[in-house]
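Take a look at the structure set out below.
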Amino acid sequence: MLAVVVIRYQPLVEHLIRSYYPFAYPLAIAVFALVASAPFSVTDALAVMNGAIFGPVLGTLIDAIGLVLAAMLGYWINRHASRLLDLDPYLQRLPAWVKRFPVGSPGFLIAVRIIPGFGGTVATATAATFRVPVWVHVWTMCAVAIPVCAVLSIFGNQVTIYVHRYEARARTYLEHHHPHFNFHFRHHVPPTGEP
C-alpha cells in the first residue's frame, strides 16, 4: 500500500524530502526501506529520484542503506506472515535455469532476484520460509539490487542535469526572441541564481 502511495505521489514525496533538509537523508532512507520491503514493490522510481535529488554517489549510498534495512524488515515480515503468500505456485513458475539451484541456497536467491516483477518477493518469502540466515538474505538481495540502484541513481542524476541544461537554453531563447513572454516567464519560474 505504501509503495503505491509513494509511486503515485512521487513529486510530493520528492518535495517533502527536499524541504526537510536536515532530515532529508534519514527520510529518503526510510521511504526507500519501507517501499522496498513491501511485497511486489518496484523501487526503480525511488532510485532514480534519489539520484536526481542527492547525486549519483549519495543517491546510491542512500539506496544501499535502504536496501539493507528493507531486506531485514522484509525478512522479519515474511517470518511472521509466511502463510499469507503461497510459495508453491510461484516456485512452479520459475524458469528451468533457476530451478537448477537448491531452493533457499544463495545461488537460488540471487537467480530469483534477477527475474523482474515477482522475483524479489519470491526470494524474500523463500528465505524466510526456509529459515535462511538473515545475513545471507541481506547480502544476496544487495548483490543484485545495489548495482541496479547505482545505475538508476546515475541515470536520475544525468536526466536532471540534461533537463536543467535545456531549461536554461529555453530561458535564454525566450528572453532574446520573445520579449513579451519574458515578463511572464520571470514571474512564474523560480530564479536560478543567475544575474
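The values are calculated or read from the model by the stated rules, or taken from the named source; none is laboratory data. All values derive from a computational prediction rather than experimental measurement. Using ideal geometry, Cβ is built from the backbone for each residue, glycine included, and neighbour counts are taken over all protein chains shown.
Surrounded by 15 or more Cβ atoms within 10 Å (Cβ to Cβ), out of contact with any Phe, Trp or Tyr (no Cβ under 8 Å at 6 or more places or on another chain), closer than 30 Å to residue 52 by Cβ and modelled with pLDDT of 85 or more: does that describe residue 124?
no
Would you say residue 101 is modelled with pLDDT of 90 or more and either over 18 Å from the mean Cα position of the chain (by Cα) or closer than 16 Å to residue 38 by Cβ (or both)?
Yes: the conditions hold for residue 101.
Got a number for residues in the range 100-117 being farther than 20 Å from residue 146 by Cβ, surrounded by 14 or more Cβ atoms within 10 Å (Cβ to Cβ) and either without any contact (Cβ under 8 Å) to a residue 24 or more places away in the chain or of a type outside the set (A, V, I, L, M) (or both)?
So the answer is 3.
For the range 53-68, does any single residue satisfy the condition of being more than 23 Å from residue 22 (Cα to Cα) and either surrounded by 14 or more Cβ atoms within 10 Å (Cβ to Cβ) or at pLDDT 85 or above (or both)?
No - not one qualifying residue is present in the range 53-68.
I'm trying to understand the selection: among the residues of the range 43-58, which are in a helix (DSSP H, G or I) and not β-branched (Val, Ile, Thr)?
44, 45, 46, 47, 49, 50, 51, 52, 54, 56, 58
Being aromatic (Phe, Trp, Tyr) and under 26 Å from residue 131 (Cβ atoms) narrows it down to one of 54, 23, 40, 32, so name that one.
Criteria check complete, one pass: 40.
Please state which one of 73, 87, 67, 46 is more than 12 Å from the chain's Cα centre (by Cα), touching a residue at least 40 places away in the same chain (Cβ under 8 Å) and under 21 Å from residue 116 (Cβ atoms).
Within the list 73, 87, 67, 46, the selection yields 87.
Among the residues of the range 93-149, count how many are of a type in the set (S, T, N, Q) and not in a helix (DSSP H, G or I).
Residues that pass the stated criteria total 1.
Quick check on my filter: what residues within the range 69-98 are among the polar types (S, T, N, Q) and either more than 16 Å from residue 39 (Cβ to Cβ) or surrounded by fewer than 17 Cβ atoms within 10 Å (Cβ to Cβ) (or both)?
Correct list: 82, 92.
So residue 40 clears everything in (1) surrounded by fewer than 21 Cβ atoms within 10 Å (Cβ to Cβ); (2) assigned to a helix (DSSP H, G or I); (3) of a type in the set (Phe, Trp, Tyr) except one condition, right? Which one?
Condition (2) is where residue 40 drops out.
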